[in-house]
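S.K.: This structure is in structure tokens; I'll ask about it shortly.
Here, each number is a calculation from the coordinates, and none is a lab measurement. On a predicted model such as this, the values are computed, not experimentally measured, just so you know. Here the Cβ is made from the backbone with ideal geometry for all residues, glycine too, and neighbour counts use every protein chain on show.
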Amino acid sequence: ASADEWRNRTIYQVITDRFATSDGSSPSCDTSQRQYCGGTWKGLVGKLDYIQNMGFDAVWISPVVANVEGNTTYGEAFHGYWTQDINSLNSHFGTADDLKSLSTALHNRGMYLMVDVVVNHMVGTADPPNFSAFQPFSSQSDFHSECFVSNYDNQTEVEQCWLGDKNVPLVDINTEDNNVVTTMNNWISSLVSNYSVDGVRIDTVKHVRKDFWPDFAKSAGVFTIGEVLNNETSYVSAYTQVIDAVLDYPSWFPLVAAFQTSNGNLSALAATVQQAQSSYKDGEFMTGAFLENHDQPRFQSLTQDSALVKNAMTWPFVQDAIPIMYYGQEQSYAGGADPANREALWLSGYVEDKPLVTHVKTLNAARKAAIAANNSFLTTAVKFPSTGSDSTMAILKPPMLALLSNGGSSSTPKWTVSDAGFQANEELVDVLTCTKINADSNGGVTVQGSGGSPQVLIPTSALSTAGTTCSS
Ligand code: ABC
Ligand code: CA
């Protein structure tokens, strides 16, 4: 699928090993041990109802190729990022037919498959690594010579030295070599066609020279979204020129900071978004917005305040980017830094009758309704009208007006938005509670909240066309 076809999607991110087992069993899974816990592609197929019931229409799975086998200083390669052979699949997750069945099962539901891929490195278990264990790059000359990245301000070092350490070196592929380039381009093209992949998440993008990426993305032939782990829009911006999209790390940092305490700075979040809107190739539209992922402590390890959690979770669904949610957030998983943030989802019982499952389901439905009601919703950049207070924030993307606050559960937020762009006296509904209010005679709103909860206002008329939440 093309970048344009991904715009209206919302993505559920899973680590295959931790999402679902083939037979639906629930083996124990101690994250601190960093071992394979038993999740498979077949298991995922069996749990697509759970994902689709929340309203997601795309699934991002962890890397699929064969990895380092056995134990290392940092455990086993259950996460899939320790490639040894790009031409074989990781048999812990199933067979080629299983992966094809996953792709087919998703497509039968109108959902997309996104696969995570690593180009930057192969992974060794000793120093120097055993180059002959790598496929198809099995000679030392296929790699940059050994040096570990230590100065992230030196871009040449970032691109040509190695990540990891001497215990588990991420042996840096020589992506300046023409044979390597051709092999990688052919590989991504086959991977996408063999498994009918709809989109590709590219790992460690900033660790490969920028001009490697356009041909690689073209060879993939589908939507590409890259990981550039940096908090500066000015740094990340350059990568929006070479692949379709980037994960929106620059706004992730202020997002977490804004909502993890009542002292968080909401205007810093808005300011970062505005910088990205004006400096990225397609503004914020071609980015992926997320609150959590497999590399960062879960948000609920930072705060347990249910109102702060709901506000922060709302953000990715009400702004310009493609929303991405990391599995387990809906079950209130609260693991800290890697590896604690990679809990097995089966231990939750996949219970659907839970507040955050309902919350995300409603947010997905509201987004769908907004898309249906305004055919320029997906290309209209969000604005941040003033609200009259530092602890509240308004996000306007017609026909949707999201009202967030970071006062927490014991606060009673109030938003006064004089220029919300609604019709005079128009009837609106907060889709999170199905409570109705009316715009004022200027199309603005004054909203008194409770319990620190966010609100997502949409005109009743927009909801009824979509025949969805709160419409009866
Ligand atoms: C393993 C263990 C860890 C242990 C580590 C040494 O080894 O699990 O507990 O601490 C995979 C696995 C990991 C594994 C690693 C290394 O491999 O998933 O569990 O860690 O063996 C991607 C993936 C990630 C994956 C890899 C490797 C890359 O999403 O899951 O990890 O294929 C860098 C890379 C980034 C990478 C990330 C983990 O490391 O750039 O692509 N993610 C600074 C640097 C960043 C750097 C980051 C790491 O530190 O600039 O480049 O990311 O912590 C902001 C700045 C940022 C700064 C942050 C901290 O602050 O703007 O630049 O980031 O203000
Ligand atoms: Ca590199």
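S.K.: Would you mind ranking 34, 201 so that the residue whose beta carbon has the fewest other beta carbons within 10 Å leads the list?
M.R.: 34, 201
S.K.: Here is a further query. Using the 2.2 N^0.38 Å rule of thumb for compact globular proteins, work out how the chain stacks up: its C-alpha Rg over that value, please.
M.R.: Against the empirical 2.2 N^0.38 Å value, I get 0.98 for the chain.
S.K.: Okay, next question. Which order do the peptides 344-350, 405-411, 386-392 take when ranked by the mean count of other beta-carbon atoms within 10 Å per residue, highest first?
M.R.: 405-411, 344-350, 386-392
S.K.: Is region 83-182 best put as rounded, prolate or oblate by its Cα gyration tensor, with a ≥ b ≥ c the root eigenvalues, rounded for a/c under 1.5, and otherwise prolate when a/b is larger than b/c, oblate when not?
M.R.: Prolate, because a/c is 1.5 or more and a/b exceeds b/c.
S.K.: Let me check against my output: what whole-number percent is the relative contact order of region 364-413, with C-alpha pairs under 8 Å and at least 6 apart?
M.R.: In percent, rounded to a whole number, it is 27.
S.K.: Among the lysines, which fall within straight-line cross-link reach of residue 42, defined as a Cα-Cα distance under 27 Å, with same-chain neighbours fewer than 8 residues apart omitted?
M.R.: Within the straight-line limit of under 27 Å, residue 42 reaches these lysines: 100, 354, 361.
S.K.: Hey, another quick one. Which ordering of 73, 175, 104 is given by a fewest-first count of other beta-carbon atoms within 10 Å?
M.R.: 73, 104, 175
S.K.: Run the numbers on the chain and let me know its relative contact order in percent, using alpha-carbon pairs under 8 Å that are six or more apart.
M.R.: Relative contact order of the chain: 13 percent.
S.K.: Now a separate question. Please enumerate, by chain and number, the lysines with C-alpha under 30 Å from the C-alpha of residue 166, excluding those fewer than 8 residues away in the same chain.
M.R.: Reachable lysines: 206, 210.
S.K.: Gap in Å between the Cα centre of region 174-234 and the Cα centre of region 373-406?
M.R.: 34
S.K.: While we're looking at this one, here's another question. Listed highest first by mean packing, meaning other Cβ atoms within 10 Å per residue, what order do 279-285, 56-62, 176-182, 107-113 come in?
M.R.: Peptide ranking by packing, descending: 56-62, 279-285, 107-113, 176-182.
S.K.: Please give the net charge around residue 368, taking every other residue with its beta carbon less than 14 angstrom from that of residue 368, where Lys and Arg add +1 and Asp and Glu add -1.
M.R.: +4
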